[in-house]
Amino acid sequence: MTQHTVIKELFDKPIGQKLWVAPMAGVTDRPFRTLCKYFGAGHAVSEMMTSDKTLRMSKKSLYRANFDGEIAPISAQIAGSDPQDLAEAARYQVANGAQIVDINMGCPAKKVCNKLAGSALLQDEELVARILDTVVAAVDEPVTLKTRLGFLNGHENIMRVAKRAEEAGIAALALHGRTREDMYLNTARYSLIKEVKSMLNIPVIANGDIDTPEKAKYVLDYTGADAVMIGRAAQGRPWIFREIAHFIETGEHMAAPSIEEVKTVLLGHLSELYEFYGEYSGCRISRKHIAWYTKGLHSSNEFRQNMYKVESTADQYKVVEAYFDHLLAHGNLMSDVQIEHVNLLDQ
(Lines give C-alpha, C1' and ligand atoms only; values in the text may rest on other atoms or scores of the structure.)
Protein backbone atom coordinates (compact mmCIF):
# COMPACT_ATOMS: atom_id res chain seq x y z
CA MET A 1 0.00 0.00 0.00
CA THR A 2 1.12 3.55 -0.61
CA GLN A 3 1.41 5.99 2.20
CA HIS A 4 -1.70 7.79 0.98
CA THR A 5 -3.75 4.61 0.73
CA VAL A 6 -3.04 3.32 4.24
CA ILE A 7 -4.08 6.57 5.89
CA LYS A 8 -6.95 7.25 3.50
CA GLU A 9 -8.52 3.89 4.24
CA LEU A 10 -8.53 4.67 7.95
CA PHE A 11 -10.89 7.59 7.35
CA ASP A 12 -12.97 6.24 4.48
CA LYS A 13 -14.59 3.46 6.49
CA PRO A 14 -17.65 3.66 8.83
CA ILE A 15 -17.96 5.73 12.00
CA GLY A 16 -15.69 3.42 13.98
CA GLN A 17 -12.75 4.70 11.98
CA LYS A 18 -13.23 8.03 13.74
CA LEU A 19 -12.58 6.32 17.08
CA TRP A 20 -8.95 5.55 17.90
CA VAL A 21 -7.34 3.89 20.90
CA ALA A 22 -4.68 6.12 22.42
CA PRO A 23 -1.29 4.49 23.03
CA MET A 24 -0.80 3.96 26.77
CA ALA A 25 2.33 2.40 28.21
CA GLY A 26 1.49 -0.73 30.17
CA VAL A 27 -2.07 -0.79 28.86
CA THR A 28 -2.44 -0.91 25.09
CA ASP A 29 -0.84 -4.28 24.53
CA ARG A 30 -2.05 -6.57 21.77
CA PRO A 31 -4.87 -8.16 23.84
CA PHE A 32 -6.24 -4.73 24.79
CA ARG A 33 -5.96 -3.34 21.26
CA THR A 34 -7.73 -6.39 19.86
CA LEU A 35 -10.54 -6.08 22.41
CA CYS A 36 -11.08 -2.38 21.67
CA LYS A 37 -11.22 -3.12 17.94
CA TYR A 38 -13.80 -5.83 18.64
CA PHE A 39 -15.97 -3.18 20.29
CA GLY A 40 -15.68 -0.84 17.32
CA ALA A 41 -12.43 1.11 17.61
CA GLY A 42 -11.24 1.90 14.11
CA HIS A 43 -7.55 2.05 14.91
CA ALA A 44 -5.16 1.37 17.77
CA VAL A 45 -1.56 2.42 18.24
CA SER A 46 0.90 0.20 20.10
CA GLU A 47 2.51 0.96 23.40
CA MET A 48 5.54 3.21 23.24
CA MET A 49 8.74 1.35 22.28
CA THR A 50 12.18 2.81 22.90
CA SER A 51 14.50 3.52 20.00
CA ASP A 52 17.42 2.29 22.14
CA LYS A 53 18.47 -0.80 20.22
CA THR A 54 20.25 -2.23 23.27
CA LEU A 55 16.79 -2.70 24.84
CA ARG A 56 15.14 -4.08 21.71
CA MET A 57 15.37 -7.69 22.83
CA SER A 58 14.30 -7.04 26.41
CA LYS A 59 11.26 -8.95 27.60
CA LYS A 60 9.14 -5.81 27.79
CA SER A 61 10.12 -4.66 24.29
CA LEU A 62 9.39 -8.06 22.78
CA TYR A 63 5.89 -8.05 24.25
CA ARG A 64 5.23 -4.54 22.99
CA ALA A 65 6.45 -5.43 19.49
CA ASN A 66 4.26 -8.52 19.25
CA PHE A 67 1.71 -7.93 16.47
CA ASP A 68 0.94 -11.60 15.73
CA GLY A 69 -2.55 -11.92 14.27
CA GLU A 70 -3.44 -8.28 14.90
CA ILE A 71 -6.15 -6.62 12.82
CA ALA A 72 -4.58 -4.31 10.24
CA PRO A 73 -3.35 -1.68 9.99
CA ILE A 74 -0.65 -2.26 12.56
CA SER A 75 0.79 0.94 14.05
CA ALA A 76 4.01 0.84 16.09
CA GLN A 77 4.87 3.82 18.29
CA ILE A 78 8.54 4.65 18.81
CA ALA A 79 10.13 7.01 21.30
CA GLY A 80 13.57 8.51 21.67
CA SER A 81 15.60 11.64 21.01
CA ASP A 82 18.25 10.71 18.46
CA PRO A 83 17.05 11.05 14.84
CA GLN A 84 19.18 8.19 13.51
CA ASP A 85 18.19 5.85 16.34
CA LEU A 86 14.53 6.65 15.70
CA ALA A 87 14.99 6.07 11.98
CA GLU A 88 16.54 2.67 12.67
CA ALA A 89 13.72 1.88 15.11
CA ALA A 90 11.19 2.78 12.41
CA ARG A 91 12.86 0.45 9.91
CA TYR A 92 12.97 -2.31 12.53
CA GLN A 93 9.26 -2.00 13.32
CA VAL A 94 8.33 -2.00 9.64
CA ALA A 95 10.34 -5.20 9.19
CA ASN A 96 8.50 -6.51 12.25
CA GLY A 97 5.13 -5.99 10.56
CA ALA A 98 4.19 -2.37 11.25
CA GLN A 99 2.26 -0.68 8.45
CA ILE A 100 2.35 2.70 10.20
CA VAL A 101 5.09 4.17 12.41
CA ASP A 102 4.02 6.64 15.10
CA ILE A 103 6.50 9.02 16.75
CA ASN A 104 5.91 9.81 20.42
CA MET A 105 6.34 13.49 21.26
CA GLY A 106 3.57 13.54 23.82
CA CYS A 107 4.46 11.35 26.79
CA PRO A 108 4.76 13.55 29.91
CA ALA A 109 6.35 10.92 32.18
CA LYS A 110 9.43 12.14 34.03
CA LYS A 111 11.57 9.12 33.15
CA VAL A 112 10.84 9.73 29.46
CA CYS A 113 11.24 13.51 29.52
CA ASN A 114 14.49 13.25 31.48
CA LYS A 115 15.94 11.52 28.40
CA LEU A 116 14.72 14.39 26.21
CA ALA A 117 12.11 12.12 24.69
CA GLY A 118 8.32 12.28 24.57
CA SER A 119 6.90 15.75 25.18
CA ALA A 120 10.33 17.06 26.29
CA LEU A 121 11.25 17.22 22.59
CA LEU A 122 8.88 20.16 22.19
CA GLN A 123 11.51 22.32 23.89
CA ASP A 124 13.81 21.92 20.88
CA GLU A 125 12.00 22.61 17.61
CA GLU A 126 15.16 22.16 15.56
CA LEU A 127 15.59 18.65 16.96
CA VAL A 128 11.88 17.97 16.34
CA ALA A 129 12.35 18.93 12.69
CA ARG A 130 15.42 16.70 12.28
CA ILE A 131 13.59 13.75 13.84
CA LEU A 132 10.56 14.21 11.61
CA ASP A 133 12.60 14.55 8.43
CA THR A 134 14.86 11.61 9.25
CA VAL A 135 12.15 9.15 10.26
CA VAL A 136 9.86 9.99 7.33
CA ALA A 137 12.78 9.48 4.94
CA ALA A 138 13.74 6.18 6.57
CA VAL A 139 10.63 4.19 5.63
CA ASP A 140 8.17 3.99 2.77
CA GLU A 141 5.29 3.39 5.18
CA PRO A 142 3.33 6.35 6.60
CA VAL A 143 4.68 8.06 9.69
CA THR A 144 2.29 9.69 12.14
CA LEU A 145 2.97 11.96 15.12
CA LYS A 146 1.46 12.02 18.62
CA THR A 147 2.18 15.20 20.53
CA ARG A 148 0.91 17.92 22.89
CA LEU A 149 0.25 21.66 22.72
CA GLY A 150 3.74 22.46 23.96
CA PHE A 151 6.03 21.88 26.91
CA LEU A 152 5.00 24.79 29.16
CA ASN A 153 1.76 26.70 29.57
CA GLY A 154 2.11 30.11 27.98
CA HIS A 155 4.69 28.74 25.55
CA GLU A 156 2.50 26.55 23.36
CA ASN A 157 4.30 25.96 20.07
CA ILE A 158 1.99 23.41 18.51
CA MET A 159 1.14 25.62 15.53
CA ARG A 160 4.80 25.69 14.43
CA VAL A 161 5.39 22.03 15.27
CA ALA A 162 2.25 20.91 13.44
CA LYS A 163 3.10 22.91 10.33
CA ARG A 164 6.63 21.57 10.32
CA ALA A 165 5.28 18.04 10.74
CA GLU A 166 3.10 18.41 7.67
CA GLU A 167 6.04 19.81 5.69
CA ALA A 168 8.16 16.83 6.74
CA GLY A 169 5.61 14.42 5.33
CA ILE A 170 3.88 13.31 8.52
CA ALA A 171 0.72 11.51 7.39
CA ALA A 172 -1.53 12.31 10.38
CA LEU A 173 -1.23 14.21 13.65
CA ALA A 174 -2.72 13.07 16.96
CA LEU A 175 -2.89 16.00 19.36
CA HIS A 176 -3.48 15.89 23.11
CA GLY A 177 -5.04 19.16 24.22
CA ARG A 178 -2.64 19.76 27.12
CA THR A 179 0.97 20.83 27.58
CA ARG A 180 3.56 18.69 29.29
CA GLU A 181 3.28 21.00 32.30
CA ASP A 182 -0.40 20.07 32.57
CA MET A 183 0.40 16.35 32.68
CA TYR A 184 -3.18 15.02 32.96
CA LEU A 185 -4.47 17.88 35.12
CA ASN A 186 -6.53 20.92 34.15
CA THR A 187 -8.85 20.64 31.17
CA ALA A 188 -7.94 19.67 27.62
CA ARG A 189 -8.02 22.74 25.36
CA TYR A 190 -9.84 21.91 22.18
CA SER A 191 -9.59 25.45 20.79
CA LEU A 192 -5.95 24.92 19.84
CA ILE A 193 -6.76 21.56 18.29
CA LYS A 194 -9.40 23.36 16.22
CA GLU A 195 -6.80 25.92 15.08
CA VAL A 196 -4.35 23.20 14.13
CA LYS A 197 -7.00 21.34 12.17
CA SER A 198 -7.99 24.48 10.27
CA MET A 199 -4.35 25.07 9.31
CA LEU A 200 -3.37 21.57 8.16
CA ASN A 201 -4.29 19.47 5.15
CA ILE A 202 -3.40 16.17 6.84
CA PRO A 203 -5.79 14.33 9.20
CA VAL A 204 -5.87 15.52 12.80
CA ILE A 205 -6.92 13.27 15.67
CA ALA A 206 -8.15 15.01 18.85
CA ASN A 207 -7.16 13.56 22.23
CA GLY A 208 -7.76 14.45 25.86
CA ASP A 209 -10.70 14.08 28.29
CA ILE A 210 -12.88 12.21 25.80
CA ASP A 211 -14.77 9.97 28.19
CA THR A 212 -18.42 9.96 27.10
CA PRO A 213 -20.34 9.67 23.83
CA GLU A 214 -21.47 13.30 24.18
CA LYS A 215 -17.91 14.51 24.65
CA ALA A 216 -16.69 12.54 21.64
CA LYS A 217 -19.39 14.03 19.41
CA TYR A 218 -18.76 17.52 20.76
CA VAL A 219 -15.01 17.32 20.14
CA LEU A 220 -15.49 16.00 16.61
CA ASP A 221 -18.02 18.74 15.81
CA TYR A 222 -16.17 21.59 17.51
CA THR A 223 -12.64 20.89 16.34
CA GLY A 224 -13.47 19.47 12.93
CA ALA A 225 -10.99 16.70 13.74
CA ASP A 226 -10.94 13.64 11.54
CA ALA A 227 -11.04 11.31 14.55
CA VAL A 228 -10.93 11.27 18.34
CA MET A 229 -8.45 9.29 20.39
CA ILE A 230 -9.68 7.67 23.60
CA GLY A 231 -7.28 6.55 26.30
CA ARG A 232 -7.97 6.36 30.01
CA ALA A 233 -11.75 6.19 29.53
CA ALA A 234 -11.36 2.82 27.81
CA GLN A 235 -9.57 1.23 30.77
CA GLY A 236 -11.96 -1.40 32.06
CA ARG A 237 -14.54 -0.09 29.61
CA PRO A 238 -13.60 -1.24 26.11
CA TRP A 239 -17.25 -1.04 25.05
CA ILE A 240 -17.00 2.76 25.13
CA PHE A 241 -16.21 2.62 21.41
CA ARG A 242 -19.48 0.93 20.55
CA GLU A 243 -21.35 3.36 22.83
CA ILE A 244 -19.81 6.38 21.10
CA ALA A 245 -20.43 4.99 17.62
CA HIS A 246 -24.08 4.29 18.47
CA PHE A 247 -24.59 7.79 19.88
CA ILE A 248 -23.00 9.51 16.90
CA GLU A 249 -25.07 7.46 14.48
CA THR A 250 -28.43 7.63 16.28
CA GLY A 251 -28.27 10.42 18.88
CA GLU A 252 -29.35 7.85 21.45
CA HIS A 253 -27.53 6.07 24.26
CA MET A 254 -26.97 2.36 24.36
CA ALA A 255 -27.95 0.49 27.48
CA ALA A 256 -25.01 -0.08 29.81
CA PRO A 257 -23.54 -3.57 29.59
CA SER A 258 -25.10 -6.07 31.95
CA ILE A 259 -23.14 -7.64 34.77
CA GLU A 260 -23.24 -10.86 32.77
CA GLU A 261 -21.62 -9.15 29.78
CA VAL A 262 -18.98 -7.44 31.92
CA LYS A 263 -18.16 -10.83 33.41
CA THR A 264 -17.86 -12.42 29.97
CA VAL A 265 -15.69 -9.63 28.57
CA LEU A 266 -13.38 -9.54 31.58
CA LEU A 267 -12.90 -13.30 31.74
CA GLY A 268 -12.18 -13.35 28.02
CA HIS A 269 -9.69 -10.51 28.45
CA LEU A 270 -7.98 -12.37 31.29
CA SER A 271 -7.66 -15.51 29.18
CA GLU A 272 -5.99 -13.49 26.43
CA LEU A 273 -3.62 -11.81 28.90
CA TYR A 274 -2.64 -15.15 30.44
CA GLU A 275 -1.91 -16.65 27.04
CA PHE A 276 0.01 -13.58 25.90
CA TYR A 277 2.17 -12.97 28.98
CA GLY A 278 2.34 -16.38 30.61
CA GLU A 279 1.78 -17.40 34.22
CA TYR A 280 3.84 -14.93 36.27
CA SER A 281 3.42 -11.70 34.28
CA GLY A 282 -0.10 -12.59 33.16
CA CYS A 283 -1.35 -12.76 36.74
CA ARG A 284 0.28 -9.49 37.76
CA ILE A 285 -0.53 -7.44 34.66
CA SER A 286 -4.16 -8.56 34.86
CA ARG A 287 -4.63 -7.04 38.32
CA LYS A 288 -4.97 -3.46 37.10
CA HIS A 289 -7.44 -4.50 34.41
CA ILE A 290 -9.57 -6.35 36.96
CA ALA A 291 -9.51 -3.26 39.18
CA TRP A 292 -10.70 -1.05 36.31
CA TYR A 293 -13.51 -3.40 35.27
CA THR A 294 -14.84 -3.74 38.82
CA LYS A 295 -14.63 -0.10 39.87
CA GLY A 296 -17.95 1.01 41.33
CA LEU A 297 -19.44 -2.47 41.70
CA HIS A 298 -20.74 -3.75 45.03
CA SER A 299 -18.08 -4.69 47.55
CA SER A 300 -15.49 -4.21 44.84
CA ASN A 301 -12.91 -2.66 47.12
CA GLU A 302 -12.97 -5.65 49.44
CA PHE A 303 -12.90 -7.95 46.43
CA ARG A 304 -9.87 -6.20 44.96
CA GLN A 305 -7.92 -6.37 48.20
CA ASN A 306 -8.43 -10.13 48.22
CA MET A 307 -7.75 -10.44 44.50
CA TYR A 308 -4.39 -8.65 44.77
CA LYS A 309 -3.16 -11.42 47.09
CA VAL A 310 -3.78 -14.19 44.57
CA GLU A 311 -0.54 -15.45 43.01
CA SER A 312 -1.67 -17.74 40.17
CA THR A 313 -3.68 -17.18 37.01
CA ALA A 314 -5.95 -20.14 37.79
CA ASP A 315 -6.89 -18.78 41.20
CA GLN A 316 -7.17 -15.23 39.89
CA TYR A 317 -9.61 -16.35 37.19
CA LYS A 318 -11.58 -18.31 39.80
CA VAL A 319 -11.74 -15.31 42.15
CA VAL A 320 -13.06 -13.03 39.41
CA GLU A 321 -15.61 -15.59 38.18
CA ALA A 322 -16.86 -16.19 41.71
CA TYR A 323 -17.18 -12.48 42.42
CA PHE A 324 -19.36 -11.90 39.37
CA ASP A 325 -21.39 -15.03 40.04
CA HIS A 326 -22.03 -13.67 43.53
CA LEU A 327 -23.14 -10.32 42.07
CA LEU A 328 -25.50 -12.07 39.69
CA ALA A 329 -26.91 -14.25 42.43
CA HIS A 330 -27.84 -11.18 44.44
CA GLY A 331 -29.84 -9.45 41.73
CA ASN A 332 -28.02 -6.45 40.29
CA LEU A 333 -25.22 -4.08 41.10
CA MET A 334 -27.65 -1.29 42.07
CA SER A 335 -29.01 -3.23 45.04
CA ASP A 336 -28.93 -1.38 48.35
CA VAL A 337 -27.98 -4.59 50.10
CA GLN A 338 -24.26 -4.93 50.57
CA ILE A 339 -22.93 -8.29 49.47
CA GLU A 340 -21.63 -10.16 52.49
CA HIS A 341 -18.00 -11.06 52.73
CA VAL A 342 -17.23 -14.34 51.01
CA ASN A 343 -14.05 -16.31 50.63
CA LEU A 344 -14.18 -16.48 46.87
CA LEU A 345 -11.46 -19.08 46.56
CA ASP A 346 -13.56 -21.52 48.62
CA GLN A 347 -16.58 -21.27 46.33
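The values are calculated or read from the model by the stated rules, or taken from the named source; none is laboratory data. Since this is a predicted model, take the numbers as computed values, not measurements. When we count neighbours, we look across all protein chains shown, and the Cβ atoms used for this are built from the backbone with ideal geometry, even at glycine. Remember, those area values only see protein heavy atoms, side chains included, never the ligands or the DNA or RNA. Shrake-Rupley method; radii C 1.70, N 1.55, O 1.52, S 1.80 Å.
Taking a straight Cα-Cα cut-off under 19 Å and skipping sequence neighbours fewer than 8 places away in the same chain, the lysines within cross-link reach of Lys309 are Lys288, Lys295, Lys318. Tilt of helix 240-250 relative to the longest C-alpha principal axis of the chain, in degrees (0 to 90, nearest 10)? Here the helix axis deviates by roughly 80 degrees. Shown here is the pair-distance distribution of segment 23-120: with all Cα-Cα distances grouped in 10 Å bins from zero up to the longest one, the shares run 16, 51, 28, 4 percent.
Remark: spin-label model distance Tyr222-Leu267 equals 4.1 nm, labels positioned 7 Å along the Cα→Cβ axis. Working from label points 7 Å from Cα in the Cα-to-Cβ sense, the Lys318 to Arg160 distance is 6.2 nm. Candidate cross-link partners of Lys197 among the lysines, defined by an alpha-carbon separation under 17 Å and a same-chain spacing of 8 or more, comprise Lys8, Lys18, Lys146, Lys163, Lys217. Residue separation of Asp133 and Ala329 scaled by 0.36 nm, minus their Cα-Cα distance, works out to 64.6 nm of gained length.
Stokes-Einstein diffusion of segment 181-226 at 20 °C, 1.002 mPa s viscosity, Kirkwood radius from Cα pairs, rounded to a whole number: 193 µm²/s. Computed over the chain, the P(r) tail beyond 27 angstrom holds 47 percent of alpha carbon pairs.
So how tilted is helix 313-329 from the main axis of the chain? Cα-based, degrees 0 to 90, rounded to 10. Roughly 60 degrees, rounded to the nearest 10.
Site pair Arg56 and Glu126 shows an inter-label distance of 2.9 nm when each label is modelled 7 Å from Cα along Cα→Cβ. Using the 1.4 Å probe convention, the accessible area of the chain works out to 44 Å² per residue with neighbouring protein chains retained.
Using a 1.4 Å probe over the heavy atoms of the protein chains, calculate the carbon and sulfur portion of the accessible area of the chain as a whole percent. Here carbon and sulfur together make up 51 percent of the probe-accessible area.
Exposure check, 1.4 Å probe, all protein chains in place: Lys194 carries approximately 90 Å² of accessible surface.
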